[in-house]
Amino acid sequence: MNINTIRRHFRESFRSLGRNGWMTFASISAVTVTLMIVGVFAMLMANVSHIASNLEQDVEIKVLIELTADAEAEQQLVNAIAHMPAIADYEYSSKEQELATLIEDFGDDWKLYEQSNPLHNVIYVRALQPKDIPHLAAEINNLSNTADVVYGEEKVERLFDALSLARNIGFFLIVGLLFTAVFLISNTIRITIIARGDEIEIMKLVGATNSFVRMPFLLEGMWLGMLGALIPMGLTIVLYHQLYDVVAPRVSGQLIELVPPTPVVYEVAGLLLLLAIAIGVVGSFMSVRKFLRI
Amino acid sequence: MIEMQDVYKKYDNGMIAVKGISVKINKGEFVYVVGPSGAGKTTFIKLMYREERATKGSIIVNNFNVTKLSDQKVPQLRRQLGVVYQDFKLLPKLTVYENVAFALEVTEAEPKVIRKRVAEVLQKVGLTKKAKHFPQELSGGEQQRVAIARAIVNKPAVLIADEPTGNLDPDNAWSIMDIFNDINQDGTTIVMATHNKDIVNTMRRRVIAVEDGVIVRDEYGGDYGYEH
Ligand SMILES: Nc1ncnc2c1ncn2[C@@H]1O[C@H](COP(=O)(O)OP(=O)(O)OP(=O)(O)O)[C@@H](O)[C@H]1O
Ligand SMILES: [Mg+2]
């Protein structure tokens, strides 16, 4: 294929966009609508993931030390926990520090207890893998000198279940949506190509090779995809920024917060573009194939 | 140049349109293919550039073994032939100029060569002024001449034409025959299926008469031989 031929294919693909006005519009619309939905779902997924990992990181195990344990026993317990491989980090907090936190959080009423502090000395433990928490808690509970081990058991487990369900559902929705998109778009392109089946036949009769006939169609599919991706990309970037600007200040400091726009919106936009190009080219390729057998 | 040996063509619906044709056409010949409607003339012609595949027999065109040709080589065969179709087969979205140029573009010829050659043939068929028009803006005779221009633009060794004067008035028909005669003088082999009694009887050439899928007459300087 020489440079003149390549230039011709480009020229031809642009010209064909213009000359098939309505079909061009229909194909681009099909890409636009589907990618917009894909874009929304991709951003939802990103947020679910973000929230899930935030929550996971926030869960810690609170180990209450037996009141009867002396300093040496406490040190042994700390050492034993420190050597567990599933642990990310830990922090020792004396009962005086615990009470100080309580007073700070809930008010001076608690100062009453400064005289005879009923609280335990505590070790806070974070796990490397949040899903190891139940197992890790049980293990720690088996060590000597632990009075109790708490981590919000059932609540945490149910939360993890819900989040992983949400993630799986989101994933299947996106995959399903993409299949629908490929089907829809290659169908639209197929209609435009069926309308031009006679043209393809004539080209072949005049002595055009298959690749010569196919190239402009593939390029056209690529342009259709790219044009169709423009609006979804723009909307994803702009609308998510706006959403973030509105929502972020109201939820700051809370567990549930939105993913910051950068870089995720640009990643999603890039993904949409690649997806659109792939859909356009694959759609053209599949549709033009059956007309080349003459 | 063109050689067929005991060629059969059976269509998918069971119709046998060509039933054992053997023929030899030499370089530079001018051949009319005549016969009643449905005799198999178009089928006979389509076998030459492999729009249809022979069911049996061997076909040699321009040193291409057409019956054994792989799909990838078919474009090369077609580039050495010029075909004028009964229904023109012009690309509706391309101008006259672009339609003719297309036959050269597929061969990846130089743009300079394409421009020069297309201008030449448009002048030859008298359509220089209509170069920028689209096919549907032309009369039947003009479309026919575009089809001829496209067929001869890459100087084919063989020009194959299926009723190139069908639906044309006598003036238009004769101006097309003038063009054919011209390029035949230049050495191009011509195979032309026709129902035009006047032309066959006036411009005497080799006549191959086909009936019901077989050659019933093959005569140099013969006449049309049918009442209509
Ligand atoms: N694609 C096809 N499928 C099935 N049968 C066909 C096909 N093309 C032609 N035929 C049949 O083959 C026979 C020969 O047809 P062909 O077109 O070769 O005749 P023809 O001599 O060119 O006729 P005409 O002078 O009317 O153009 C006819 O009976 C026709 O019905
Ligand atoms: Mg016919």
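Summary table
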| item | result |
| --- | --- |
| Candidates A:9, A:50, filtered to the one that is within 13 Å of chain B (Cβ to nearest Cβ) and surrounded by 15 or more Cβ atoms within 10 Å (Cβ to Cβ) | A:9 |
| Filter pass, residue B:108 being without any contact (Cβ under 8 Å) to a residue 12 or more places away in the chain, outside any loop (DSSP other than H, G, I, E, B) and away from ligand 2 (no atom under 16 Å from the Cβ) | no |
| Condition broken by residue B:55, with the remaining ones in (1) within 12 Å of chain A (Cβ to nearest Cβ); (2) within 16 Å of ligand 1 (Cβ to nearest atom); (3) surrounded by fewer than 21 Cβ atoms within 10 Å (Cβ to Cβ) satisfied | (1) |
| Count - residues of the range B:16-58 that are hydroxyl-bearing (Ser, Thr, Tyr), within 16 Å of ligand 2 (Cβ to nearest atom) and assigned to a loop (DSSP other than H, G, I, E, B) | 2 |
| Top-ranked residue of the range B:25-43 - restricted to ones that are of a type in the set (D, E, K, R) and more than 6 Å from ligand 1 (Cβ to nearest atom), ranked as surrounded by the most Cβ atoms within 10 Å (Cβ to Cβ) | B:29 |
| Of residues in the range B:146-199 being of a type in the set (Gly, Ala, Ser) and within 14 Å of another protein chain (Cβ to nearest Cβ), the one surrounded by the fewest Cβ atoms within 10 Å (Cβ to Cβ) | B:157 |
| Qualifying residue in the range A:115-131 (condition: of a type in the set (D, E, K, R), in a helix (DSSP H, G or I) and either modelled with pLDDT under 80 or not assigned by TED's automatic domain parsing to the domain that holds residue A:72 (or both)) | yes |
| Tally, over the range B:147-198, of residues that are away from ligand 2 (no atom under 16 Å from the Cβ) and aliphatic (A, V, I, L, M) | 14 |
| Test result for residue B:22, away from ligand 1 (no atom under 16 Å from the Cβ), within 14 Å of another protein chain (Cβ to nearest Cβ), hydroxyl-bearing (Ser, Thr, Tyr) and open to solvent by 30 Å² or more (accessible area, probe 1.4 Å) | no |
| Odd one out for residue A:101 among (1) farther than 11 Å from residue A:146 by Cα; (2) buried (at least 16 other Cβ atoms within 10 Å of the Cβ) | (2) |
| Residue B:137, sole failed condition from (1) open to solvent by less than 10 Å² (accessible area, probe 1.4 Å); (2) not assigned by TED's automatic domain parsing to the domain that holds residue B:62 | (1) |
| Selected residue (only one of B:75, B:92 is touching a Ser or Thr at 6+ places or on another chain (Cβ under 7 Å), facing another protein chain (nearest Cβ under 8 Å) and of a type outside the set (A, V, I, L, M)) | B:75 |
| Check on residue B:61, under 30 Å from residue B:142 (Cα atoms), away from ligand 2 (no atom under 16 Å from the Cβ) and more than 10 Å from chain A (Cβ to nearest Cβ) | yes |
| Odd one out for residue B:213, checked against (1) within 14 Å of chain A (Cβ to nearest Cβ); (2) within 26 Å of residue B:77 (Cα to Cα) | (1) |
| Matching residues in the range B:95-105 - criterion: being touching a residue at least 40 places away in the same chain (Cβ under 8 Å) and at the interface with another protein chain (Cβ under 7 Å from one of its Cβ atoms) | B:102, B:103 |
| Which numbered condition residue B:203 fails, given (1) under 22 Å from residue B:96 (Cα atoms); (2) away from ligand 1 (no atom under 16 Å from the Cβ); (3) hydrophobic (A, V, I, L, M, F, W, C) | (1) |
| Residues (surrounded by fewer than 16 Cβ atoms within 10 Å (Cβ to Cβ) and over 15 Å from residue A:133 (Cα atoms)) located in the range A:83-97 | A:83, A:91, A:94, A:96, A:97 |
| Hey, residue A:257 open to solvent by 40 Å² or more (accessible area, probe 1.4 Å) and at pLDDT below 90 or not | yes |
| Qualifying positions in the range B:5-19 - in contact with a Ser or Thr (Cβ under 6 Å, 6 or more places away or on another chain) and more than 11 Å from ligand 1 (Cβ to nearest atom) | B:5, B:6, B:8 |
| Residue within the range B:62-79 that is within 16 Å of ligand 1 (Cβ to nearest atom) and either open to solvent by less than 30 Å² (accessible area, probe 1.4 Å) or of a type in the set (A, V, I, L, M) (or both) present | no |
| Any hit, the range B:113-130, residues being away from every other protein chain (no Cβ under 13 Å), touching a Ser or Thr at 6+ places or on another chain (Cβ under 7 Å) and modelled with pLDDT of 95 or more | yes |
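The values are calculated or read from the model by the stated rules, or taken from the named source; none is laboratory data. Since this is a predicted model, take the numbers as computed values, not measurements. Cβ atoms come from the backbone with ideal geometry, glycine included; neighbour counts cover every protein chain shown. All accessible areas refer to the heavy atoms of the entire protein, side chains included, with ligands and DNA or RNA removed. Shrake-Rupley method; radii C 1.70, N 1.55, O 1.52, S 1.80 Å.
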